[in-house]
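Everything below concerns the one structure shown next.
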Amino acid sequence: MPPLSHLQRVPLVYLDRLERQGIFTTGLLLEVSETPTRRQSLADQVGSSTNDVNDWRDEALLLNLARFGRVEQALFTQAGITGIQGVKGLSDEEFEQRLATAARLLEIEPPDELTVRGWWEQAQTVEEA
């Protein structure tokens, strides 16, 4: 599981508060915010809103896709996709095109078709509680 510090949508003040709660990885964040009640509780504990927690979960779900690292995170950010809902809102063709365009702009090799398809399919199976 990626460290919580890899999340781009968490302001530093909340990152520090989350870490003081013992939440150091995206996996732990997903676990402690699994239900709407738990999301509200976490928001109360760190002084944020449930919308903030929902945004953090959305990005954490993205970072937990298979074969996903820092380069892929930069690629997705360049493509305008900052969370799992951003993937779910695209057709597989739109998703692949966005990543290909982002790779060209970043001057990196685009991910292979199988990897892109795997990410898209994984995203479609994610259910929010």
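Since every read-out is calculated from the coordinates, none of them should be taken as a lab result. Worth saying up front: this structure is predicted, and the values here are computed from it rather than measured.
Tabulated results
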item: Whole-Hz ³J(HN,Hα) from phi, Karplus 6.51 cos²θ - 1.76 cosθ + 1.60, for segment 7-21, glycine and proline x; result: 6, 8, 8, 9, x, 4, 4, 6, 4, 4, 5, 5, 5, 5, 7
item: Chain lengthening between Val126 and Glu34 when straightened (0.36 nm per residue, less Cα-Cα); result: 31.9 nm
item: Cα centroid separation - segment 29-80 against segment 11-28, whole Å; result: 11
item: Mean residue ellipticity (222 nm) of the chain, computed from DSSP H runs ≥ 4 via -39,500 (n - 2.57), nearest 500; result: -19000 deg cm²/dmol
item: Amide H partners (placed H, <5 Å) of Thr25, local residues excluded; result: Leu4
item: Ratio of Rg to Rh over the chain (Cα coordinates, Kirkwood Rh, two decimals); result: 0.99
item: Calculated from backbone phi, Karplus (6.51, -1.76, 1.60) coupling profile of segment 106-115 in Hz, x at Gly/Pro; result: 7, 6, 10, 6, x, x, 5, 4, 5, 5
item: Karplus-derived 3J(HN,Hα), 6.51/-1.76/1.60, for each residue of segment 62-72, Hz, glycine and proline x; result: 5, 5, 8, 5, 4, 6, 10, x, 5, 5, 5
